[in-house]
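Quick notes on the structure that follows.
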Amino acid sequence: MKVGFLQLRPKFGAIRSNVRSARSLLRNVSDATIVLPELFNTGYLFRSKDELKKLAESVTTGYTVAEMKKLAKKKNLNLIFGIAEKKARKYYNTAVFITSAGKVITYQKTHLFDREKLFFTPGTKGYAVHVVDGCKLGIMVCFDWHFPEVARVLALKGAQVICHPSNLILPFGLDAMRTRAIENRVFTVTANRIGTEKRANVSLTFTGNSQVVAPNGDILTSAGERSESLKIVEVDATEADNKSLTANNDIFKDRKVSLYKPILSKTTG
Ligand code: ACM
C-alpha cells in the first residue's frame with residue numbers, strides 16, 4: 001500500500017483556507033492512505049470554550065468532512081485527519097477517517113493534553129482496527145503516544161499500520177512513536193504540524209519532523225521542522241503480522257500477561 005503524511009502549518013481559525021490548502025497540496029496524489037495533523041482545519045490553541053464552539057463542526061454535516069470526502073472519492077484516497085468535533089452538545093478532539101469508498105469513521109482522542117482538558121470531552125469508545133483495501137489500520141491522536149497501552153491494544157487487535165494525527169509539542173514524542181513501532185512491530189505514520197501559535201498568553205511551537213516508521217524501527221521517510229511537506233512510501237503492511245524478533249522471540253507470545261495485572265488498575269504503589 002502507499003501510505004504517507006501531509007505535514008501542515010494551519011492558521012488558527014481559518015478553516016476554509018486550511019482545508020483549501022490541504023486539498024491543493026494533495027491535488028497530485030491518488031490511490032494512497034494519507035494522514036494529516038490533529039486539528040488541521042482549526043489550529044490548536046483555543047482561548048475559550050466559546051471559541052471552540054464557534055469552530056467545531058459536525059462530522060455528518062460540517063464543511064471540512066464534506067470537502068475531504070469529495071477529495072477522497074475523486075482521488076481514491078483514504079484520509080485520516082483531525083478536527084474539532086461538535087456532537088450532541090459535546091466537543092471532541094476527533095480523528096476522522098474517510099475511506100476511498102466514502103465510509104466515515106471517527107476516533108475521539110482519549111488522552112487530552114494540558115489545556116485541551118478545559119474544553120474537550122475525552123473519547124470513551126476505545127481503540128478499533130479498520131480493514132481498508134486489505135490493510136488493518138488503527139488510529140490514535142497525538143498525546144495518546146504517552147500511553148503505550150493505546151498502541152499495544154491496537155496492535156493486539158491486529159493493526160498493521162497506526163495512523164497518528166498530531167500537534168506534537170514535547171520534544172520526545174517522535175522518538176516515543178518509533179518505540180511504539182518497535183515494541184509492537186507495526187508501521188506508524190505520524191503527521192505532525194509545524195509553526196508557533198501565540199494565544200491566551202500561551203505560546204506553543206510544534207515540532208514537525210513527521211515520520212513513517214517500519215516495524216523494525218527504520219524511519220522510512222520523514223519531514224523537517226520548517227516546511228509543509230508531503231511524503232509517501234510504499235509498504236507491505238503484512239510485514240507487521242510477523243511478531244518474531246529473533247529465532248527464539250515472538251514479542252506477543254513472549255508477553256507475561258499474568259504479571260501485568262497492575263496495568264489494569266488505576267491505583268499505584
Ligand atoms: C497534543 O496532544 N496535541 C500535545
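Summary table
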{"read-out": "Inter-probe distance in nm under a simple model that places probes 7 Å from Cα toward Cβ, at V131 and A101", "value": "1.0"}
{"read-out": "Calculated on alpha-carbon atoms, Rg and Dmax of the stretch 1-138 in Å", "value": "14.3, 42"}
{"read-out": "Size of electric dipole in the stretch 1-64: Cβ of Lys, Arg +1 and of Asp, Glu -1, about Cα centre, debye, nearest 20", "value": "240"}
{"read-out": "Share of alpha-carbon pairs per 10 Å distance bin for the stretch 155-269, given as whole %", "value": "13, 35, 28, 19, 5, 0"}
{"read-out": "Förster-model FRET efficiency, 41 Å R0, D175 and K54, C-beta, rounded to 0.05", "value": "0.70"}
{"read-out": "Unit charges on C-beta of K, R, D, E only; dipole of the stretch 145-269, Debye", "value": "560"}
{"read-out": "Only Lys, Arg (+1) and Asp, Glu (-1) charged, at Cβ; the stretch 43-164 dipole about Cα centre in debye", "value": "360"}
{"read-out": "Segment L245-N28, extension gain: residue separation times 0.36 nm, minus the distance between their alpha carbons", "value": "74.3 nm"}
{"read-out": "Extended-chain gain in nm, criterion 0.36 nm per residue less alpha-carbon gap, L259 and T238", "value": "4.6 nm"}
{"read-out": "Value of Rg/Rh across the chain [Cα atoms, Kirkwood radius]", "value": "0.96"}
{"read-out": "Shape call, the stretch 66-222: gyration tensor on alpha carbons, a/c limit 1.5", "value": "rounded"}
{"read-out": "Other-chain or far-sequence residues with amide H under 5 Å of V132's (modelled H)", "value": "L137"}
{"read-out": "Options S100, T121, T267, ranked by Cα towards positive dipole end of the chain, top entry (Cβ charges)", "value": "T121"}
{"read-out": "Chain lengthening between K198 and Y63 when straightened (0.36 nm per residue, less Cα-Cα)", "value": "46.0 nm"}
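Every number in this text was worked out from the coordinates using simple rules, so none of it is lab data. Every value quoted in this text rests on a predicted model; they were computed, and no experiment measured them. Methodologically, a virtual Cβ is constructed for each residue, glycine included, from the backbone with ideal geometry; neighbour enumeration extends over all protein chains shown.
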